[in-house]
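First the structure, in the form of structure tokens, and then the observations on it.
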Amino acid sequence: AAGVIQSPRHLIKEKRETATLKCYPIPRHDTVYWYQQGPGQDPQFLISFYEKMQSDKGSIPDRFSAQQFSDYHSELNMSSLELGDSALYFCASSPRDRGPGYTFGSGTRLTVV
Amino acid sequence: LAKTTQPISMDSYEGQEVNITCSHNNIATNDYITWYQQFPSQGPRFIIQGYKTKVTNEVASLFIPADRKSSTLSLPRVSLSDTAVYYCLVGVSGKLIFGQGTELSVKP
């Protein structure tokens, strides 16, 4: 079965650079969620989209922005990167009417040097 | 959103049954209870979800008492590959908040 696809799997950036992470949800899933997981930390909710509109917002820095496109894929844009942004970034998708049972992607490991 | 409390860590041996209990005292009427498993550097993986009483699938059982203020994930006959962090989440459609999970260590 198709899963949530995230790209790239690994990304190394320097401080103050920008990064774009992509997420391709499971077909017919219209809701996308982004999470950040720092080393030894639990996943922290960043932002979610439903039908291309932002549906909820968590602890997402102002330096980050995200959007969902007409094909339901989503991109997380991160600017002015800081060392503390180094983390695993997960995307999850779900169909809106299926309760909170998300499917997570394998994540993008961002390293800021 | 309902806050959850789980043990920080648990140890077990291969072949044993493991029960992990999660407290969610302020669970709302419409909230579901969902458990995820996470291996290092991998995305959380859905294990089981329930609303009340007992739910069983091919990998686990979920026991929810009548007051729904807690739930217990039961893993039958664990193996070394079940060593992971287990998260209990409570909520409905929308963002799910991860609390501190339970780090399960299965020993030979």
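The values are calculated or read from the model by the stated rules, or taken from the named source; none is laboratory data. Bear in mind that the values here come from a model prediction, so they are computed numbers and not experimental data. Note that we place each Cβ from the backbone using ideal geometry, even for glycine, and neighbour counts take in every protein chain shown.
Of the strands (runs of 3 or more DSSP E) lying entirely inside the range B:10-108, those containing at least 3 residues that are buried (at least 16 other Cβ atoms within 10 Å of the Cβ) span B:18-23, B:32-38, B:45-50, B:61-64, B:70-75, B:84-91, B:102-107. Residues that are loosely packed, with under 14 Cβ neighbours inside 10 Å and under 14 Å from A:THR20 (Cα atoms) within the range A:70-86 comprise A:ASN77, A:SER80, listed in sequence order.
Test A:TYR89 against the stated conditions and say whether it is in contact with a Gly (Cβ under 9 Å, 6 or more places away or on another chain) and either among the aromatic types (Phe, Trp, Tyr) or at pLDDT below 95 (or both). Against the criterion (in contact with a Gly (Cβ under 9 Å, 6 or more places away or on another chain) and either among the aromatic types (Phe, Trp, Tyr) or at pLDDT below 95 (or both)), A:TYR89 qualifies. In the set (1) buried (at least 23 other Cβ atoms within 10 Å of the Cβ); (2) over 20 Å from A:ARG9 (Cβ atoms); (3) not β-branched (Val, Ile, Thr), A:SER59 fails one condition alone, (1). Contact annotation: residue pairs with Cβ atoms under 9 Å, 6 or more positions apart or on different chains, pairing a residue in the range B:59-78 that is at positive phi with a partner that is part of a strand (DSSP E or B), are B:ARG68/B:ILE33.
Counting only strands (runs of 3 or more DSSP E) wholly contained in the range A:2-113, the ones carrying 3 or more residues that are within 9 Å of another protein chain (Cβ to nearest Cβ) and closer than 19 Å to B:GLY43 by Cβ occupy A:31-37, A:44-50, A:87-94. Of the residues B:GLY43, B:GLY101, the single one that is within 10 Å of chain A (Cβ to nearest Cβ), closer than 30 Å to A:THR111 by Cβ, touching a strand residue (DSSP E or B) at 6+ places or on another chain (Cβ under 8 Å) and touching a residue at least 40 places away in the same chain (Cβ under 8 Å) is B:GLY101. Which residue is nearest to B:GLU103 (Cα to Cα), if the candidates are limited to the range B:72-93 and must be away from chain A (no Cβ under 14 Å) and out of contact with any Ser or Thr (no Cβ under 7 Å at 6 or more places or on another chain)? Restricting to residues being away from chain A (no Cβ under 14 Å) and out of contact with any Ser or Thr (no Cβ under 7 Å at 6 or more places or on another chain), the top hit is B:ASP82.
Taking the criterion of being surrounded by 21 or more Cβ atoms within 10 Å (Cβ to Cβ) and among the charged types (D, E, K, R), no residue of the range A:20-56 qualifies.
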